Amino acid sequence: MKPPATLFRPGDLVAGAVNAVVVLTWSFVQWELRITDTQGLNEGLAWAMMGVSVVALFFRTPFPLTVTLVTWAATMVYYPASSTDGPMLSAFVVSLYTLAALGHLVAASVIAASTFVIVVVSEVLADFAHMTASETFMLSGWIIAVPAIGAVVAHHRRYRAETLVALEETRRRSVAEERIRIARDLHDAVGHHLSLINVQATAGLRRLRKDPGYATGEVLEVVAETSRMSLRELRAMVGVLREAGQDAPTGPGPSIEQLPALAEAARASGLEVDLRVDGSAEVPVAVDAAAYRVVQESLTNVLRHARASRVQVNVVIGTSTLAISVADDGVGDAKGANRAGNGLAGMRERAEGLGGTFDAGPREDGGFTVEAAWPLEVPK
């Protein structure tokens, strides 16, 4: 059994109460004033059918088909049995509309068509004794129109529900994409600086074990500067996540112009970095940041995995394309290039997500190369 909250819904209670007041009041007034149509077959049965119809309408939403059939049957019995032509039909009309509006269009259409045939045929056979021909066809037209109106409402509700589902799915997808973007930025930026710190600290400890008198001041300076850079980037990322109304980060975002500082930090870790930037043109902000991040992650991978001594970074800014390449002389290869954690998947997303291309793999003469290119007209 369904709980009372399901059986008695506010909309059903209001509709049922209004229908009960109108039908009962109207019928009683007609009865007291002796306003009769034709002699009824059974007045007691007619009043009973009226009560059944009035009560059934209170349950129109949880049991739409049952209520429609009950009110239809009660209406069909009422009018031949009663001598007063009251608004008994209203409960059937409301329940028929509800049936169609809740999506049961086939059932509503069958019931409406059957009612149309019964009303028209019975009046034709009775030589329109109860209604004129125009009244008969007007009533029949309304019976056909009611499920049509309900079908329009059902279509609108379905469209609205599908729209809400689509909007919610879009929102979830946007949140997921934003989380991936933030994770990628944290991996590229903070991960790069932590890798430099790890390389410097490890090298310093190794030297200190071999030579207890080794001066660690230079190493600590590099670690301190790299830590400051990491904190600046982390604060900038956190600033983007601030709620509306709070101050936005004022520092510049990642850019090709910051590559010399990036190369200098890598050199401080003992890696020989040859940076060359050719050409100048207005670069979209998204491409500018993506190019910086790809170079940054490439250098991070060289420091972590390549065991290289030298790396060549080339940046070419043309009139319609920006291209970069990062080539080292280490022992890296392309194995596991798509595994999570090595950054190659993130670099590919940064390139291809802006309409660019990406390629990474071992060189024939040893080492590893990362190449990426972007159009300067970013697709929207």
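The values are calculated or read from the model by the stated rules, or taken from the named source; none is laboratory data. Since the model is a prediction, treat every value here as computed from it, not as a measurement. Glycine also receives a Cβ, built like all others from the backbone with ideal geometry; neighbour counts cover every protein chain displayed. Calculation scope for accessible area: heavy atoms of the full protein, side chains included, ligands and nucleic acids excluded. Shrake-Rupley method; radii C 1.70, N 1.55, O 1.52, S 1.80 Å.
Computed quantities for the displayed model
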quantity	calculated
Check on Leu69, surrounded by fewer than 20 Cβ atoms within 10 Å (Cβ to Cβ), part of a helix (DSSP H, G or I) and modelled with pLDDT of 85 or more	yes
Of all residues making up segment 104-113, the number that are of a type outside the set (Val, Ile, Thr) and open to solvent by 50 Å² or more (accessible area, probe 1.4 Å)	3
Subset of segment 1-26 (residues that are open to solvent by less than 70 Å² (accessible area, probe 1.4 Å), at pLDDT 80 or above and polar (S, T, N, Q))	Asn19
Single match in Ala151, Ala189 (criterion: at pLDDT 80 or above and surrounded by 13 or more Cβ atoms within 10 Å (Cβ to Cβ))	Ala151
Output for segment 72-97, where each listed residue is farther than 21 Å from Glu32 by Cβ, open to solvent by less than 10 Å² (accessible area, probe 1.4 Å) and in contact (Cβ under 8 Å) with a residue 40 or more places away in the chain	Ala91, Leu96
Selection from segment 266-297 of residues that are open to solvent by 20 Å² or more (accessible area, probe 1.4 Å), under 20 Å from Gly318 (Cβ atoms) and part of a helix (DSSP H, G or I)	Val285, Ala286, Asp288, Ala289
Residues of segment 352-380 satisfying the condition of being closer than 20 Å to Glu282 by Cβ and at pLDDT 90 or above	Gly356, Ala372, Ala373, Trp374, Pro375
Inter-residue pairs, beta-carbon under 8 Å, first assigned to a helix (DSSP H, G or I) and in segment 298-310, second open to solvent by 70 Å² or more (accessible area, probe 1.4 Å), 6+ apart	Ala306/Val331
Residue list for segment 311-325, restricted to those being part of a strand (DSSP E or B) and open to solvent by 30 Å² or more (accessible area, probe 1.4 Å)	Gln312, Asn314, Val316, Thr321, Ala323
Matching residues in segment 154-175 - criterion: being in contact (Cβ under 8 Å) with a residue 40 or more places away in the chain and open to solvent by less than 70 Å² (accessible area, probe 1.4 Å)	Ala154
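For every residue, the table says whether it meets (1) at pLDDT 75 or above; (2) among the aromatic types (Phe, Trp, Tyr); (3) within 18 Å of Thr61 (Cα to Cα).
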position	(1), (2), (3)
Thr115	yes, no, no
Phe128	no, yes, no
His156	yes, no, yes
Val165	yes, no, no
Glu168	yes, no, no
